[in-house]
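The block underneath contains the structure these notes are about, expressed in structure tokens.
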Amino acid sequence: MASSNFKDHLGRPIVAVTGMGIITSLGQGLSDNWAALTSGKSGIHKITRFPTDNLSTKICGTVDFIDIPAPNSVERSFAFARETTIEALAQAGLSGDFNGPLFLAAPPIEPEWSARFELADRSPPAAKPGDAYDRFMAALRQRPDPAFQEAALFGAISERLSDQFGTRGLPVTLSTACASGATAIQLGVEAIRQGRTDRALTVATDGSVSAEALIRFSLLSALSTQNDPPEKASKPFSKDRDGFVIAEGAATLVLESLEAAVARGAKVLGIIKGAGEKADSFHRTRSSPDGGPAIATIRAALADAGFSESDIGYVNAHGTSTPENDKMEYSSMLAVFGEGLKAIPVSSNKSMIGHTLTAAGAVEAVFSLQTMLTGTLPPTINYTNPDPTIALDVVPNVKRDAQVSAVLSNSFGFGGQNASLVMTREPA
């Protein structure tokens, strides 16, 4: 029977992180990313992947330094996930078949327009109105296109990861908008807590920056149009913020029960102490202005961790740099922490890496754990024009040395998907 040293306040197995891997626009690998992030470097740059003539947004945080066999979002997302998983497993000291479940957060992407046009060009002529599907299927039967097929299958990335790393059971692919990365971690935590496994592989990836994605977000007035210079565009909690910068990236976390990790002599990097999630039915893309669901999400995460508000020493904010979301997140944190919020440093990694969408929750979980491991708070850069209605210590522009034992990381997504994680340095 497991020792009480390995159980949490509710008698559940404590969940440890033993491996991490990351890719963002700042580079590949945890070491390079952390060095760049804490130095205040920006990974935002001009778009070169596709023409931006007549587009209002011409900047992004794409990952363009990894070779992929086919230039589409699925192949990019798979490549990022593969590389971060290799790094995380190496850090965890695991080789061979992983022999645990895989929970993957992947973007809900479709074949890109160039691939659709190519398929249409080689399809037989229309015989009647509305027969496009039959024509496309005939063209694919005549000449199979594996790359197009992969791009059309939502679960293709997780299946390929499962095959490569030897995970157990049906690989789970999920999408909860900008909360997806945190949701993947939560599912891994729950699987271990419920005794279904001693370890879980949680991966979040997003390589979906395309002209279509950019245009769709632009039509929602969600993207920054402050294109020059690119590195100054993302400015969370600033008065002159005007939208987020679309970006790519991935992160993998190896989760294990603390008991299993200790038994095999693994180095424990941190503890996933609590997780909370709440849905928001206010609007298909906007969050509720009163912050009600976000408030409930933070409180649920604290309750799951068995923590009070005073136990949190740092907040890794969702901090998108959109006028509405930043204001909502601030009011939500104020409702939870009250006057104590003034004493809690709050910073946004998105000021440097942009918004990695599906990957954001996991990317920021890695940075949150690294904050505790190194005793360094990453800055919120571009903070030169504070919003007087948002009274936060955003660790402005320059990193700060501080020993933190508990971090709250928020992920508030489009469509009302909200998730928060509480992470600690020590099991106790």
Report summary line: For the chain, the helices passing both cut-offs (Cα extent along own axis of 24 Å or more, Kyte-Doolittle mean at least -1.0, full DSSP H runs) are 73-92
**Report entry** Positive dipole terminus of the chain, leading residue within Gly181, Ala335, Leu219 (C-beta point charges)
**Finding:** Ala335
Report summary line: Length gained if Arg160 through Arg49 is fully extended, taking 0.36 nm per residue and subtracting the Cα-Cα distance, is 37.4 nm
Report summary line: Options (1) 72, 49, 40; (2) 77, 53, 34; (3) 68, 54, 39 for Cα extents along the principal axes in Å; the value derived from the coordinates is listed as (3)
**Report entry** About the Cα centre, charge dipole magnitude for the chain (Lys/Arg +1, Asp/Glu -1 at Cβ), debye
**Finding:** 180
Query raised in the report: Using alpha carbon centroids, what distance separates region 379-395 and region 397-420, in Å?
Result: 15
Requested in this report: Could you size up the charge dipole of region 189-330 around its Cα centre, putting +1 on the beta carbon of Lys and Arg and -1 on that of Asp and Glu, and report it in debye to the nearest 20?
Outcome: 180
Query raised in the report: Using the heavy atoms of the protein chains alone and a 1.4 angstrom probe, what is the accessible area of region 33-120 per residue in square angstrom?
Result: 44
Query raised in the report: Once the Cβ-Cβ distance between Met137 and Ile215 is put in as r, and R0 is 25 Å, what FRET efficiency do you end up with, to the nearest 0.05?
Result: 0.35
Query - Average Cα contact separation per residue, the chain, under 8 Å, 6 or more apart, as relative contact order % - result: 24
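The values are calculated or read from the model by the stated rules, or taken from the named source; none is laboratory data. Here the structure is a predicted model, which means the values were calculated and not measured. Because the Cβ atoms are built from the backbone with ideal geometry, glycine has one as well, and the counts that use them run over all protein chains shown. Ligands, DNA and RNA are excluded from the accessible area calculation, which covers all protein heavy atoms including side chains. Shrake-Rupley method; radii C 1.70, N 1.55, O 1.52, S 1.80 Å.
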